[in-house]
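This report concerns only the one structure given below.
The values are calculated or read from the model by the stated rules, or taken from the named source; none is laboratory data. Computed from a predicted structure; not experimentally measured. Don't worry about glycine lacking a Cβ; one is built from the backbone with ideal geometry, like all the others, and counts go over all protein chains shown.
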Amino acid sequence: MGHLVLAATVPDAVTFAIAAVITVTGALGVVLSRNPVHAALMLIMTLFGVAVLFVEEDAQFLAAVQVIVYAGAIVVLFLFVIMLLGVDRLESLAAEPMPAQRWVALGLGVLGLAEIVLLSRGKWPLGAHSVAGTVNGAGQQNVSVLGKALFTTYLLPFEITSALLVIAVIGAVVLARRPRTAGTAEIEDHAEAEDT
């Protein structure tokens, strides 16, 4: 472990330290923020920090995907959904729609922590070799090898992931939608009439 720390150059160590602080700060902001808009912005900050860490690991493609797909598309889409539907307003925490929700979440959290502890004690096998071949072998670029593996061997999981993301956006819209009351509808109709 000590020789790995000594092998890092000073700019690499400084970049890693700054990106790690940004990532951890953003992650804590996501968890601790009461306002969903602030939590989404903190998530974008976390994803940018992780992208810098990917660049440090010489994984430029993953860094670009992290910024373009996650921070640039998905989180910004959730941010627009949150802002347009007015979910950033404070809600009553006294009314609990699902009383057992907190206990189930606590139990799942304990199970997840136990799994992490058990997995950290075991020895990790290296696993099988890459099905797409060596990453930098025979003059091939990382992106071409990754694209070939993604759109041939792993096409079904790739498509399932895209379907799950669409379902997540639809679910966020449905969960965030509030029923219109009579007074709210009249105020909105009056505001629309004044705009025209």
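Of note:
- Counting only helices (runs of 4 or more DSSP H) that sit wholly inside region 119-196, those with at least 3 residues that are at pLDDT 65 or above are 142-148, 155-176.
- Here V50, V5 are screened, and the one residue that is in a helix (DSSP H, G or I) and modelled with pLDDT under 75 is V5.
- Scanning region 23-43 for residues that are surrounded by fewer than 18 Cβ atoms within 10 Å (Cβ to Cβ) and within 28 Å of T9 (Cα to Cα) returns V24, T25, A27.
- Subset of region 55-107 [modelled with pLDDT of 80 or more and at positive phi]: D58
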